[in-house]
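The values are calculated or read from the model by the stated rules, or taken from the named source; none is laboratory data. Quick caveat: nothing in here was measured; it's all calculated off a predicted structure. Cβ sites come from the backbone with ideal geometry, for glycine too, and all protein chains shown count toward neighbours. To get the accessible areas, we keep the full protein, side chains included, count just its heavy atoms, and leave off ligands, DNA and RNA. Shrake-Rupley method; radii C 1.70, N 1.55, O 1.52, S 1.80 Å.
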Amino acid sequence: MNFFCRFFFIAALLLVCQPASAEKRVALVLGNSNYKHAAMLLNPVNDAAAVAATLKGAGFDIVDSRLDLSAADMRRALRDFADQARDSDLAVVYYAGHGIEIDGTNYLIPTDATLQRDTDIYDEAFSLDRVLLMIEPARQLRLVIVDACRNNPFAETMKRTVSSRTVSRGLARIEPTTTNTLVAFAAKAGLTALDGNSKNSPYATALIKHIATPGLDVRRAFGFIRDDVLQATGNRQEPYVYGSLGGADIALVPVPAASTPTANPQSEIRRDFELALQVGNEDAMNAFLAQHPDGFYASLAKLQLAKIAAEKTRVAATERARLAEQERARLAVEGAQRRDQEKAAADAKAAEERRVAAEKTKQAVQEQVAEAERQRIAANTPAAGTPEIIKMAAADASADEPAAGPAAIERTQGPSLASLNAEPPPAQLVKSVQTELRRVGCLTAAADGEWNTASQRSLTLFNKHAGTKFNVKLASLDALDAIKLKSTRVCPLICEHGFRPDGDNCSKIVCAEGSFLNEDNECEKRRAKRPIARREPVERSHRAARERPRPEASALQSHASGSHASGQIVCDRGGCRPVERGCHVEWRTFAQGGPYEGGGGNVQICR
């Protein structure tokens, strides 16, 4: 009996001493950018990759990340995740891509959707209600994040089968019917979100900053996200959350147990560097260096800055080479002076050499960055790292002193990486707008970052042909987002006189033989000239001599009435005299006995 008592006591003690089972957290991350029948989106794939990396780093048990899904792939992903969410405590779904609202229902659009009619939505898309039903078995929290508040790309082509059916702007308001369910929109219902001008949208940037903060209640996290997006977009975009939770705090990432050892400062530096690397622009790397100016990761950040600079140099050199070659070709076609053509050819050759040099420099820097990235991975994996790399990482770890306490999260040195403004600097925004205007054919000048008269005129052309009304006096994020939505040329190609549009280039007009290029830039057939009768000079002079009376004729006229005269006058080298009676005057050539050599003249013929 004592044996059984001791046995049950030890078993109960073992059960009590076992650690509490951890919550099961699962996530499905979807990003659609490459649409086949709608405008391509630049950010959703990047945003989905960043969110997936954030949730994986936060220790989620399952993070199923899938990109550019067709209808079949999307259906399979939702079905698979429904099985994973069935026994979970916390289920999260993030979707970035096109989404539309029809008759008050929101739909997520796969990449192969055509949506020729409004009723096609039931066969080719997936309702948000289906996603909510899929994660309903989760025990503690069900969270759906919809970063799809964009303009409906099918609005202009979609046929309405019923005139009363509404297709509204943005997404429709939703009220979850299941408790402990939240639906987060990137923008309030009926409004659209901005893609921004960086690798990630303003909403995704704020989301990855706050969503995985340990111990932060999910409602407060979305409050911080809202504040960041409003600040980044100048109060033009306000995220919104629908649904309600109870009074207890619910965090996507729990606070580490008190027994967890203090984090290594080197790990914190690594986390900051990886965040800067994820943002991937010059501002992020400079912000990292402001906080961590020395050490192993500082060297990696400087290499990343060199890579960004090399890419900028390459892009500028490529553009200069293109313009130089275009100028050389233009002078050759127009038949400019040889000296000008030789100078243009030399400039084009020099520009091409600079482009090749910039390309080689970029490749060299990329190789250095790739090698440094391999060293960084090796440093974070001691078992696979080389001794030199381990020593570098260890030296950095020992050089950095621990923070004032394990809970010290905020720093006072330099700007915070996670608080980087998503809105680009004015010069960068101007250059981005100019680049997009060049892409759609409205700007022929270079994208130099200066909003000059040519840029304003190009935005005026875009407004005219795209039906927009943006202020042409300045470059704006709204204009940039609208231009990005245009996947093809908007402004017609305008060529000089003598050239006609040929795709994206101007081709010289060559008229057929017998035609010429008129002022209307069209080939016109030449009119045939009327023939003009011409006589030989000798024949004309002889006829004049024949018809013009000699001066002597008038003097001898009075003698023509003599007894021996016939009334006619004949003239030769000896002068003029009356023709004898019974004779007459005939014209004879010189060979026939005429008086004038090389021609002829009148002679007296008597029979």
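The table below gives the values:
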item: Subset of region 294-310 [modelled with pLDDT under 85 and more than 12 Å from A372 (Cβ to Cβ)]; result: D294, G295
item: Failed condition for V255, given (1) free of Cβ contacts under 8 Å to residues at least 24 places away in the same chain; (2) under 30 Å from D61 (Cβ atoms); (3) assigned to a loop (DSSP other than H, G, I, E, B); result: (1)
item: Restricting region 457-498 to residues that are β-branched (V, I, T) and not in a loop (DSSP other than H, G, I, E, B), the residue that is most open to solvent (accessible area, probe 1.4 Å); result: T460
item: Members of region 233-250 that are open to solvent by less than 50 Å² (accessible area, probe 1.4 Å) and among the β-branched types (V, I, T); result: T233, I250
item: Among residues of region 102-127, those that are out of contact with any Lys or Arg (no Cβ under 6 Å at 6 or more places or on another chain), open to solvent by 40 Å² or more (accessible area, probe 1.4 Å) and in a loop (DSSP other than H, G, I, E, B), counted; result: 3
item: Test: E388 is open to solvent by 60 Å² or more (accessible area, probe 1.4 Å), at pLDDT 80 or above and more than 30 Å from L477 (Cβ to Cβ); result: no
item: Which listed residue is at negative phi, at pLDDT 90 or above, outside any loop (DSSP other than H, G, I, E, B) and not polar (S, T, N, Q), from R139, R130; result: R130
item: The one condition in (1) closer than 30 Å to E282 by Cα; (2) touching a Cys at 6+ places or on another chain (Cβ under 8 Å); (3) open to solvent by 40 Å² or more (accessible area, probe 1.4 Å); (4) not polar (S, T, N, Q) that L191 fails to fulfil; result: (1)
item: Conditions (1) modelled with pLDDT under 85; (2) within 22 Å of the chain's Cα centre (by Cα); (3) open to solvent by less than 40 Å² (accessible area, probe 1.4 Å); (4) not hydroxyl-bearing (S, T, Y); number of the one not met by A284; result: (2)
item: Residue among D103, D112, D87 that alone is of a type outside the set (A, V, I, L, M, F, W, C) and farther than 27 Å from E175 by Cα; result: D112
item: Given (1) surrounded by fewer than 19 Cβ atoms within 10 Å (Cβ to Cβ); (2) β-branched (V, I, T); (3) closer than 15 Å to G104 by Cα, number of the condition T161 does not satisfy; result: (3)
item: Qualifying residue in region 187-194 (condition: touching an Asp or Glu at 6+ places or on another chain (Cβ under 6 Å) and of a type in the set (G, A, S)); result: no
